[in-house]
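Report on the following structure.
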Amino acid sequence: MKCIGYFEGWLDHKWFAMIMWQVCSLMLSALAIFCKFLEQIAGFTLPFLQLAISYVALLLINLWKLPKTTASWFGYIMVGLLNLGGDVSSIYAYTLTSISSAQLLVTTVIFWVAPLAFFVFKRKLTLWQILAIFIGMGGVVIVFLEDGVGDSRWLGNMIALISAICYAIATTLEEKLVHEGSIAIYLFRFGTTTSPISIILMFAVEFKTIKKYLWVASTISLIIAYGIVMALYYTLVPVIMKHSNATEMNLSFLTSNFFSLFIDCLIFKHKLTWPYVVGFLCVPFAIVLFCLFPYKKTEEEANQSFDADVESNNDLEDKEKIVEDPKKQENEEVQEPAPN
C-alpha cells in the first residue's frame, strides 16, 4: 500500500508522468515484437491463449481490493468485449504485416474517437482537428498503397484498422465509466469480464492448435512475457491517467510508432520507400496537430471544471486553517498569565 502511495505521489510531478507514459509506449512496442517473434519461430501465434494469460494476470493483480458498487455491468462488459476484439485484431495484424504499419494504423484510434466523442459527450471539433483527421487519413491511404493490396500486408493493415475502431469505441466508453465510477471498479470488472470470455474462446478455437504448437523455451517465454507485459500495461494506464490527461497520453504514444519503425528496419529488415516514409510521418504529425487544438469544452464540462477548482481551493483553505489553529493555540498558551 505504501509503495502505491509513493508511486502516485511521484506521478504528481509532470516529468515523472511523462516518463511513465514512455514506459507504456515501450510496452506497446514490446508486445508487437513478442507477437512477431512467435510468428517467426512457430509459424503462427495463439491470440486467445496470450490474452487469457494477460486478463487472468490483470484480474489477480487487482483482486486485492474488491470495490463495492451498485453500477450496472453492461458498460463494463461492452468495454471488455471491444478491448478483447481490439487485442485479438492487433495480434493478427502484427503477424500479417510489418510491425511499423500495424502499430501506426492502430494509433489512428484518436481519429475514430473524435466523431464518437461528439455523439457521446457532445464535444465539438475545431477546424484544425478536422484538418488533422484528413491529413492522418491521407497518410493511412499512402501506407496502404505502398504496402500493396495483393498479399497478407493488405489484410494485416485492414485488421489493424479494425483494431483501432474497436479501441476507439472502448476508449470512449471507458472514459465515461471511469468518470462515473472509479479506476478500481473499472479494472476489477474489466478483468472479471475478459478473463472467462478469453478462456472459453481459447478452448473453443485454439484447443487442438495448442496441443500441436511448437512448445520450446523461446515460445513459452514469449507467451508468458506477452501476458505479463499486457497485464501491467492495462494496470498502469488508468493510474497514470489519473495524474495526467488523454492529450499527453496520445502525444507520448507517438514514440511507439518510431520505436516500431526502428525495430522493423533493424531486426526484421523492413525496406522503406519515400512515399511510405511520407505517409508514415503524416499520421504522427496529424495527431500532434489534433492534440494542439483540443476539443471545445461543453457547458457541462466547463461547469464540472469550475466546481472542481472551487472544491480544490476550499480544501486548500481548510488545510491552511488546520495548520494555523495549533500555532494560535500555542501562542495563547504562552501569553496566558501564570496563576498567582
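No lab work stands behind these numbers, since they all come straight from the coordinates. Please read all numbers here as calculations on a predicted model, not as lab measurements. FYI the Cβ positions are ideal-geometry reconstructions off the backbone, even for glycines, and counts take in every protein chain you see.
With the cut-off at 1.5 for a/c, could you classify the stretch 11-296 from its C-alpha gyration tensor as rounded, prolate or oblate? Mind dumping the intermediate values first?
On the way: a/c = 1.62, a/b = 1.01, b/c = 1.60.
In terms of gyration-tensor shape, oblate.
Using a simple spin-label model with pseudo-atoms 7 Å out from Cα toward Cβ, LEU289 and ILE200 lie 4.5 nm apart. Peptide packing for 259-270, 25-36 was compared via the average number of neighbouring C-beta atoms within 10 Å per residue; ordered from the highest value, the list is 25-36, 259-270.
In terms of surrounding Cβ atoms within a 10 Å radius of their Cβ, ARG189, ARG153 rank from fewest to most as ARG153, ARG189. Cβ-Cβ distance of LEU155 and SER221, R₀ of 30 Å, FRET efficiency by 1/(1 + (r/R0)^6): the value works out to about 0.60. Between TRP64 and LEU131, the simple spin-label model (points 7 angstrom out along Cα→Cβ) gives 4.9 nm.
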